[in-house]
Amino acid sequence: MLKYFVMTVESLALAALITGALRGISRLKGGRTGGIIAGVGSLAGVIGAAVMAYLKNATKLIDTSMWNLYIFGAFACLTVLFLLFTPFSKKLGKAGSVILAVLCALMCGLILFYALPDVIAYPYSILVTDKSVLSTSYLFKLIGALFGVIAMVLVELAVRNGTSRLGEWQAYIIAGIMTLVTALRQVGAMLGIMLTKAMLTSLSPDTKKTVFEIVKTTSNNSNFFIYGAMAAALVIPVIVFIRSLDKSEPYDNPAQKRKIVKRHKVSRRWAVLAVLTVVLSFCSFTVLEPIANRPVELSPVEECEERDGYMCLPFEKVDDGHLHRFAYVAPSGIQIRFIVIKKPNSSSYGIGLDACDVCGETGYYEKDGQVVCKLCDVVMNISTIGFKGGCNPIVIPYEVKDGEILVPIEGLMEYEKTFRNNRMASGGI
């Protein structure tokens, strides 16, 4: 659950911040009309993202990197227009406000069109590994993703309502910083795609080296651009809160005074929500992400007797209901691992390679009495270990004889290539 919450926040955080700021300045400058225009642009981005999610997962029509190249280029161009046009939009009156709202709508649509497809596709991509929508694992992962979406919707709402309560120049500067850092991040990604696609062959070697350094710097420090947008967003609640403390606003009667007091109270609430949601997003990147992606250490390989061409395991060694890991070391030095676990309420055993056809030789570990795939976090049904399908361990031959489980070494050697990266010389497990 935590992993998918973090993944969702990381995918949508920047889009939520940018969309909130742009929709807020559209409403501030263009009133209700500006807000509607920017909202329509955002909705178009969501619909486009849903279509893109389908095309990516159900067809082979989409070259994701090329689409990203077009999106990044268009967003960068619109950012330049936004930065240049906004200061002068007031001189054009209502027409200027409408044009600004259209610019903001296009930028909102593009950023959502880029950020949302993978998140929208989570129900499908999770199902590829979990195999059943009825599994507890599938449900928990979807709940984690849903909480992430809710958190980002709150970020967008808080930033939007905060921006719409700023002064025009304050809103322009903050939204400008957010869009600029986003555009710079995307320009770096654009150059990376162009290098990968060999689209910069006409450049001199020195220029190519400079471009590569730019790509490397922006890629290695990608999160710092997001932190920059978060820092700009945190200025919004500070300004809103300070403005809400101003008691010099004139009023003609007690009713007007109550209205002013209520407006300031609502502004402070939005300010608090903005701080909380942005801080939560920051913590997701810096605190929750390392926890969610903390590598799991597989339990050590246990000793196992080799005899007459078999790996021999006495029942008493594996009858405690816990996961046991064994290995045969091939003449090449490759360690071929397999697991054994006694099935609950049964006298039979689940036996298979410590690898599967879906995730390779990453292995399985035991957590709270369940067997879990290290790579994809899918929880195995212990009763089905030893059967083909899904993320279950690869089936291997074995015999049960005279109180022992006998795993033929010849059968293990068939999977030597599966564990080719797992040599005893490099440390094994």
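The values are calculated or read from the model by the stated rules, or taken from the named source; none is laboratory data. These figures come from a predicted structure and were not determined experimentally. Quick reminder, even Gly has a Cβ in these numbers, built from the backbone with ideal geometry, and neighbours come from all protein chains shown.
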Got at least one residue in region 158-181 being loosely packed, with under 15 Cβ neighbours inside 10 Å and of a type in the set (Lys, Arg)?
no
Test: residue in region 13-21 that is crowded, with 20+ Cβ neighbours inside 10 Å and hydroxyl-bearing (Ser, Thr, Tyr)
yes
Selection from region 150-170 of residues within 19 Å of residue 9 (Cα to Cα) and in contact with a Leu (Cβ under 7 Å, 6 or more places away or on another chain) yields 151, 152, 154, 155, 158, 159
Name the strands (runs of 3 or more DSSP E) wholly inside region 228-336 in which the number of residues that are more than 26 Å from the chain's Cα centre (by Cα) and exposed (fewer than 12 other Cβ atoms within 10 Å of the Cβ) is 1 or more.
305-307
What pairs come up if the first residue lies in region 26-39 and is within 14 Å of residue 161 (Cβ to Cβ) and without any contact (Cβ under 8 Å) to a residue 40 or more places away in the chain, the second is aromatic (Phe, Trp, Tyr) and assigned to a helix (DSSP H, G or I), and their beta carbons are under 7 Å apart, counting only those six or more places apart or on different chains?
none
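Residue 415 - would you say it is surrounded by 14 or more Cβ atoms within 10 Å (Cβ to Cβ) and under 21 Å from residue 136 (Cα atoms)?
Details: surrounded by 14 or more Cβ atoms within 10 Å (Cβ to Cβ): yes; under 21 Å from residue 136 (Cα atoms): no.
Taking the combined requirement at face value, the residue does not satisfy it.
Being of a type in the set (Val, Ile, Thr) and in contact (Cβ under 8 Å) with a residue 24 or more places away in the chain is the filter; apply it to region 85-119 and report the residue that is nearest to residue 50 (Cα to Cα).
119
Looking at region 290-312, is at least one residue of a type in the set (Ser, Thr, Tyr) and not assigned by TED's automatic domain parsing to the domain that holds residue 372?
Within region 290-312, the subset of a type in the set (Ser, Thr, Tyr) is 299, 310.
Applying the additional criterion that residues be not assigned by TED's automatic domain parsing to the domain that holds residue 372 yields 299.
Yes, there is a match, as at least one residue in region 290-312 is of a type in the set (Ser, Thr, Tyr) and not assigned by TED's automatic domain parsing to the domain that holds residue 372.
Before we move on, is residue 46 surrounded by fewer than 18 Cβ atoms within 10 Å (Cβ to Cβ), more than 18 Å from the chain's Cα centre (by Cα) and assigned to a helix (DSSP H, G or I)?
It is false that residue 46 is surrounded by fewer than 18 Cβ atoms within 10 Å (Cβ to Cβ), more than 18 Å from the chain's Cα centre (by Cα) and assigned to a helix (DSSP H, G or I).
Which fully enclosed strands (runs of 3 or more DSSP E) of region 363-429 have 3 or more residues being modelled with pLDDT under 85 and either under 21 Å from residue 344 (Cα atoms) or of a type in the set (Phe, Trp, Tyr) (or both)? Talk me through it step by step, then tell me what you get.
On the way: elements: 364-367, 370-373, 399-401, 404-408.
Filter on region 363-429 gives 370-373.
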